[in-house]
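K.L.:
The following block contains the structure, expressed as structure tokens.
Values quoted throughout were computed directly from the atomic coordinates according to the rules given, and no laboratory measurement underlies them. Small disclaimer: the values here were computed from a predicted structure and weren't measured. Please note: Cβ atoms are built from the backbone with ideal geometry, for glycine as well, and neighbour counts cover all protein chains shown.
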């Protein structure tokens, strides 16, 4: 397995105590980075710390939907460390139902976490990256943000919003040594699948030509390259990792 050089880099990963976020954290540590994870789930953070025993691994309990909370913790971190890499991985799928049956509170919660949470973290951290003239931001979107999934209008819309945010911010930061990209994974066997009905998961899998779920290490390898200095030109782009489901 190829190892990327992330030595002397500090990475902040939201939703980092589980799923995609935790696997990315492990990959970053192997690549030499200092890793800070954020998660709202205190129990999952404790579990992650038991799994990942590394002096370069630290954590904060953060609610990404609360900008004041985000900004306050960023200021704490900046006092002792730079933030070279930001991975926006925090997200939920929400209920699987038709749009007209969607509860307003469920719709708003998904938008708050998936889209507004990404905005909050970028807004708080980007000024420091500009000051350092260096940064790598990777937003974990979804293939549903490109294609749309029936009975997942809120999730699909939130991830489409993340793609739009990525393209705009990437262009705004193009004159700096800051790359902003998004990835659009297909389904993977993480806890997020537990939020969906078995029927919905089966429908998702049926659309993937590879005929299987995405492996976590496949996603984390792509994120590692996008987060490295080797990615010196690609920005404001969307990188597909859907097993052939999307070809654009």
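K.L.:
Pick from 129, 222, 111 the residue whose mean-square fluctuation is largest in a GNM of the chain, springs joining Cα atoms under 10 Å.
P.N.:
222
K.L.:
Let me ask something else about it. Relative contact order (percent) for the stretch 87-171, with alpha-carbon contacts under 8 angstrom and 6 or more residues of separation?
P.N.:
40 percent
K.L.:
Label the chain by shape, choosing from rounded, prolate and oblate, from the square roots a ≥ b ≥ c of the eigenvalues of the Cα gyration tensor; if a/c is under 1.5 it is rounded, and otherwise prolate applies when a/b is larger than b/c, oblate when it is not.
P.N.:
Rounded is the answer for the chain, as its axis ratio a/c remains below 1.5.
K.L.:
According to the Cα gyration tensor, what semi-axes, each the square root of 5 times an eigenvalue, does the equivalent ellipsoid of the stretch 78-131 have, listed from largest to smallest in whole Å?
P.N.:
For the stretch 78-131, the ellipsoid semi-axes come out as 32, 9, 8 Å.
K.L.:
Given R₀ = 41 Å, what would the calculated FRET efficiency be for residue 168 paired with residue 50, taking r from the Cβ atoms and rounding to 0.05?
P.N.:
0.55
K.L.:
So what is the orientation-averaged projected area of the stretch 1-107, using the convex hull of its C-alpha atoms, in nm²?
P.N.:
Across all orientations, the stretch 1-107 yields a mean hull projection of 8.5 nm².
K.L.:
Let me ask something else. Helix-only mean residue ellipticity at 222 nm, the chain, DSSP H runs n ≥ 4 weighted -39,500 (n - 2.57), per residue, nearest 500. What is it?
P.N.:
It comes out at -12500 deg cm²/dmol, rounded to the nearest 500.
K.L.:
Label points 7 Å out from Cα along the Cβ direction at residue 147 and residue 8: separation in nm?
P.N.:
It is 4.3 nm.
K.L.:
Find how many whole Å separate the alpha carbon centroid of the stretch 1-75 from the alpha carbon centroid of the stretch 120-174.
P.N.:
18 Å
K.L.:
Could you tell me the relative contact order of the chain? Use alpha-carbon pairs under 8 Å, at least six residues apart, and round to a whole percent.
P.N.:
20 percent
K.L.:
While we're looking at this one, here's another question. Along each of the three principal axes of the Cα atoms of the stretch 140-179, give the extent in whole Å, ordering the values from largest to smallest.
P.N.:
Between the extreme Cα coordinates on each principal axis of the stretch 140-179 lie 40, 12, 11 Å.
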